[in-house]
Amino acid sequence: MTKPYHLFISYAVEDESFASELASALRFLGLSVWFAPLSMNVGDKLLDSINAGLIASEYGLLILSPAYIAKQWTSYELGVLHRQHIETDKTLFPIWHTIDKAQIDQWNPGLTGIIALKSTEGAGSVANKIADVVYQDCPARGVSPSYENPQWRFLRGCGELLINNEDGPAFNLFEAAEFPDTYFPLYVHNRPYTRKEIALAVVKALYYGNPDVIPISNDKKKQLKALCKEYGYDLDAPGFDPAIYG
C-alpha cells in the first residue's frame, strides 16, 4: 500500500448502520478505511477532510442506495472517485444496498459496467471479498494487531503479526519461514512475500544481531540457517553479507 488508507467509504447517512458494520468488518481483516465517523474530528472542515480522504485512499467503496443517488455530497464523492477510476485506474467496489440495476442504470449507467457486490450477502461476506482483492488473493495475510504497528518490526524479527484477522494466532518471522507451502505467498507490509523473501529477512535478522530480535534456541537457529541455505543464503560462508541481496 502506497497511501495511508486502503479504502474510502462513500455512503449516505441514511445507510450508516450498514456502512459502520462493513467498516468494522474491513478493519477486523486488517484493512485501513477512511470512514467519516472514524476519520473526522470535531472542528474538521467537511470538504477538506473528504478531499484528503479521497486522495489518500487506494480504493473507493460505494454503498449505492436510493438515498445515495439522491444526495449532493455523495454525488461529489462519486464524481471524484469515478474520475480517479478513469484517469488513474483506481479500483472501485460498488455495493448495491436496497437498490437494483435498473435504478442505477437510470441514474448512472457507467457504474453498472463495474462488477458489484450486494449488501444482502452480509457485511462479513462483502468485506472478505474486498479483502481478497486488496490482498491480491494471498492465502495468508499478516494483519497488524491493535496494540502496535509491527510490519517493519516483523520483517526484522522483532515483532509479531496475526493470521488473517485480529483474532488470528500470532506468528513471528522465524515461524513464518517454516510455514507450509499453502501459506505462500504471505501478505506482509503491503505486498505478497515468497518464502525466499521471508528467508532473506530471517538471514538479515540473524546476521545483524539486533538486540530486539525475538530470542530463539540454538537448535531452531540451526534449522533456520539450513532453510536459508537452500535458497542460496549461507550465513556460515566466509565473507557472507546479506546486504548484497538488497
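The values are calculated or read from the model by the stated rules, or taken from the named source; none is laboratory data. The structure presented is a predicted model; accordingly, all values stated were derived computationally and were not measured. All Cβ positions, glycine included, derive from the backbone under ideal geometry; neighbour counts span all protein chains shown. Side chains are part of the model used for accessible areas, which takes the heavy atoms of the whole protein and leaves out ligands, DNA and RNA. Shrake-Rupley method; radii C 1.70, N 1.55, O 1.52, S 1.80 Å.
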Can you pull the one-decimal nm distance between simple spin-label points at A56 and S17, each 7 Å off the Cα toward Cβ?
3.0 nm
Solvent exposure of region 1-142 as accessible area per residue, Å², 1.4 Å probe:
48 Å²
Given (1) 0.94; (2) 1.08; (3) 1.03 as possible values of Rg/Rh (Cα atoms, Kirkwood Rh), the one from the coordinates is (2)
Between V133, V203, V188, where does the largest GNM mean-square fluctuation fall for the chain, given springs only between Cα atoms within less than 10 Å?
V133
Please give the per residue accessible area of region 174-232, computed with a probe of 1.4 Å over protein heavy atoms only, in Å².
57 Å²
Relative contact order for region 97-184, counting Cα pairs under 8 Å that sit 6 or more residues apart, in percent:
19 percent
Among V213, V202, V33, which one moves the most in a GNM of the chain with springs linking Cα atoms closer than 10 Å?
V213
Over region 16-117, with every protein chain in place, what whole percent of the accessible area is carbon and sulfur at 1.4 Å, could you tell me?
54 percent
Listed residue pairs exceeding 27 Å between alpha carbons, taken from K196/K222; K71/K101; K3/K129; K90/K118; K196/K221; K129/K204:
K129/K204
So the label point goes 7 Å from the Cα of Y76 along Cα→C-beta, right? Which residues of region 1-38 then have their backbone N under 19 Å from it?
8-16, 34-38
Express in whole angstrom the spacing between the alpha-carbon centres of region 151-185 and region 196-224.
14 Å
Restricting to Cα pairs under 8 Å and 6 or more apart, the percent relative contact order of the chain works out to 15 percent
Can you give me the % of accessible surface on region 119-191 that is carbon or sulfur? Probe 1.4 Å, all protein chains present, nothing else counted.
47 percent
Potential lengthening between T120 and E87 on full extension [0.36 nm per residue; Cα-Cα distance subtracted]
8.8 nm
Sketch the reach of a paramagnetic label on K220 as a point 7 Å from Cα along Cα-to-Cβ, and name the residues of region 158-195 whose backbone nitrogen lies under 15 Å away.
158-161, 170-179
Mean separation of Cα contacts under 8 Å, 6 or more apart, over the residue count of region 11-129: relative contact order %
29 percent
Tell me, what ³J(HN,Hα) does each residue in region 16-21 have, in order and in whole Hz, if you take phi through Karplus 6.51 cos²θ - 1.76 cosθ + 1.60 with θ = phi - 60° and put x for Gly and Pro?
5, 4, 5, 4, 5, 4
